[in-house]
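Asks: Take a look at the following structure, please.
The values are calculated or read from the model by the stated rules, or taken from the named source; none is laboratory data. None of these values were measured; they are calculated from a predicted model. Cβ placement follows ideal geometry from the backbone for every residue including glycine, while neighbour counts extend to all protein chains displayed.
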Amino acid sequence: MDFNEYQNAAKRTLYGNEQVLTNCALGLAGESGQVVDLVKNYVFRGQKLSRQELVHEMGDVLWYLSQVAEWADIPFEEVAKANIAELNRRYPAGFKKQN
């Protein structure tokens, strides 16, 4: 599945017309926090990092992000391509630690 196919399939479950951007932005923050909590609990509390839970929460982040793009009439593929172009510009040889 490519990014634009995902975006189109995901918008089927978008609810409401008012305050969509606010709902999606707040949802993105909340779901990102869920990912952070999983990592925090793994790193600092010694809890097992559940691949299934991580995939679930990352999927929720992806959904909200795709719907912010949908609201702004930005193809999700454009977001992904622009990000890769930026990474290639910043790190043409890949990321290397500075001494």
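Asks: Tell me, which residue of the stretch 41-75 that is acidic (Asp, Glu) and touching a Leu at 6+ places or on another chain (Cβ under 8 Å) is surrounded by the most Cβ atoms within 10 Å (Cβ to Cβ)?
Replies: Here the answer is Glu57.
Asks: Quick check on the stretch 35-57. Is at least one of its residues under 25 Å from Lys81 (Cα atoms) and among the small types (Gly, Ala, Ser)?
Replies: No, the conditions are met nowhere in the stretch 35-57.
Asks: List every residue pair whose Cβ atoms sit under 7 Å apart, with the two residues 6 or more apart in sequence or on different chains, where the first one lies in the stretch 51-71 and is modelled with pLDDT of 95 or more and the second, anywhere, is assigned to a helix (DSSP H, G or I) and among the acidic types (Asp, Glu).
Replies: Glu57/Glu31; Asp60/Glu31; Val61/Glu31; Tyr64/Glu31
Asks: Another question, then. For the stretch 19-51, give me each residue that is among the acidic types (Asp, Glu) and closer than 14 Å to Tyr64 by Cβ.
Replies: The answer is Glu31, and nothing else.
Asks: Here's another thing I want to ask about it. Being surrounded by 10 or more Cβ atoms within 10 Å (Cβ to Cβ), in contact with a Cys (Cβ under 9 Å, 6 or more places away or on another chain) and closer than 14 Å to Cys24 by Cβ, is that true of even one residue in the stretch 76-98?
Replies: No, because not a single residue in the stretch 76-98 is surrounded by 10 or more Cβ atoms within 10 Å (Cβ to Cβ), in contact with a Cys (Cβ under 9 Å, 6 or more places away or on another chain) and closer than 14 Å to Cys24 by Cβ.
Asks: For the stretch 75-99, which positions are more than 15 Å from the chain's Cα centre (by Cα) and either modelled with pLDDT of 95 or more or in a helix (DSSP H, G or I) (or both)?
Replies: Ala85, Glu86, Leu87, Asn88, Arg89, Arg90
Asks: Filtering the stretch 9-18 down to residues that are at pLDDT 90 or above and farther than 11 Å from Ala69 by Cα, which residue is surrounded by the fewest Cβ atoms within 10 Å (Cβ to Cβ)?
Replies: The extreme case among them is Arg12.
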